[in-house]
């Protein structure tokens with residue numbers, strides 16, 4: 001999820017690197033390209049400065065200038081693919097994710113914790129499955145997603161506290177926003193090793209998720225299956241997800257990941 005800065009001109013980072021990162025972070029999933037004026041509006045950076053940054057970033061291939069504005073460049077994509085932890089995790093997980101997909105033909109996710117949010121490292125879209133707000137490289141809240149709750153249950157205690165302190169807001173009428181209820185939900189996930197979501201992040205969607213654990217017992221990632229509430233019973237697919245998560249956990253531990 002992109003961070004949108006205030007439009008006040010005295011806000012935001014003062015360094016060139018900070019401003020460049022703010023500019024890149026202003027792109028949202030639906031943005032194929034943005035005009036200089038829109039980049040200036042979203043970042044709070046003066047339009048002449050945006051233009052200078054774009055020119056230099058274009059020279060490095062980080063962005064590409066088009067007749068109508070600016071789009072993210074291929075070099076940025078290439079650099080993202082080199083991130084070692086996510087790349088190694090994704091490569092190890094793909095056979096298990098593919099098995100889950102072939103067994104269910106539902107949408108399968110692999111996600112990691114970054115701060116208090118889930119970042120999706122891989123997504124296999126189910127056949128005829130529901131449109132989901134998740135995307136590879138995208139972010140979602142932890143407290144209302146299956147993957148997020150699986151990660152929270154097996155993260156250091158301070159992580160859940162930080163999530164609660166940041167605020168729990170409704171995404172649907174079913175979102176858990178009472179801290180006490182969320183804490184009990186996470187305790188249940190910790191006890192059973194499986195997290196469930198029932199229309200908490202997106203109306204009409206249900207999900208089951210299990211953590212992938214490191215040698216220290218903390219979650220390094222989580223995998224899930226999601227589908228329509230009318231077509232998917234999360235409790236029925238949970239054993240298959242847990243089997244895959246346990247096998248992947250053992251493989252990563254054996255490899256020293």
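The values are calculated or read from the model by the stated rules, or taken from the named source; none is laboratory data. No experiment lies behind these values; they were computed from the predicted model shown. Virtual Cβ from ideal backbone geometry, glycine too; neighbours counted across all protein chains shown.
Pick from 133, 84, 157: which is surrounded by fewer than 18 Cβ atoms within 10 Å (Cβ to Cβ), at pLDDT below 95 and under 14 Å from the mean Cα position of the chain (by Cα)?
From the options 133, 84, 157, the qualifying one is 133.
From the list 247, 222, 208, which one is closer than 14 Å to residue 93 by Cβ and in contact with a strand residue (DSSP E or B) (Cβ under 6 Å, 6 or more places away or on another chain)?
Answer to the check: 222.
Kindly check whether there is at least one residue in region 148-156 that is over 23 Å from residue 109 (Cα atoms) and either touching a residue at least 40 places away in the same chain (Cβ under 8 Å) or out of contact with any strand residue (DSSP E or B) (no Cβ under 7 Å at 6 or more places or on another chain) (or both).
No, region 148-156 contains no residue that is over 23 Å from residue 109 (Cα atoms) and either touching a residue at least 40 places away in the same chain (Cβ under 8 Å) or out of contact with any strand residue (DSSP E or B) (no Cβ under 7 Å at 6 or more places or on another chain) (or both).
Could you pull out the residue among 53, 72, 97 that is at pLDDT 90 or above and touching a strand residue (DSSP E or B) at 6+ places or on another chain (Cβ under 7 Å)?
97
Is it the case that residue 122 is closer than 24 Å to residue 99 by Cβ and touching a residue at least 24 places away in the same chain (Cβ under 8 Å)?
Criteria met by residue 122.
Which condition does residue 5 not pass, out of (1) closer than 26 Å to residue 135 by Cα; (2) surrounded by 17 or more Cβ atoms within 10 Å (Cβ to Cβ); (3) at pLDDT 90 or above, if it passes all the others?
(3)
Could you identify the single residue in 217, 138, 146 that is assigned by TED's automatic domain parsing to the domain that holds residue 102 and over 18 Å from the mean Cα position of the chain (by Cα)?
Of the residues listed, the single one that is assigned by TED's automatic domain parsing to the domain that holds residue 102 and over 18 Å from the mean Cα position of the chain (by Cα) is 217.
Quick one: which residue in 168, 182, 124, 152 is surrounded by 21 or more Cβ atoms within 10 Å (Cβ to Cβ), under 18 Å from the mean Cα position of the chain (by Cα) and assigned by TED's automatic domain parsing to the domain that holds residue 216?
The unique qualifying residue is 152.
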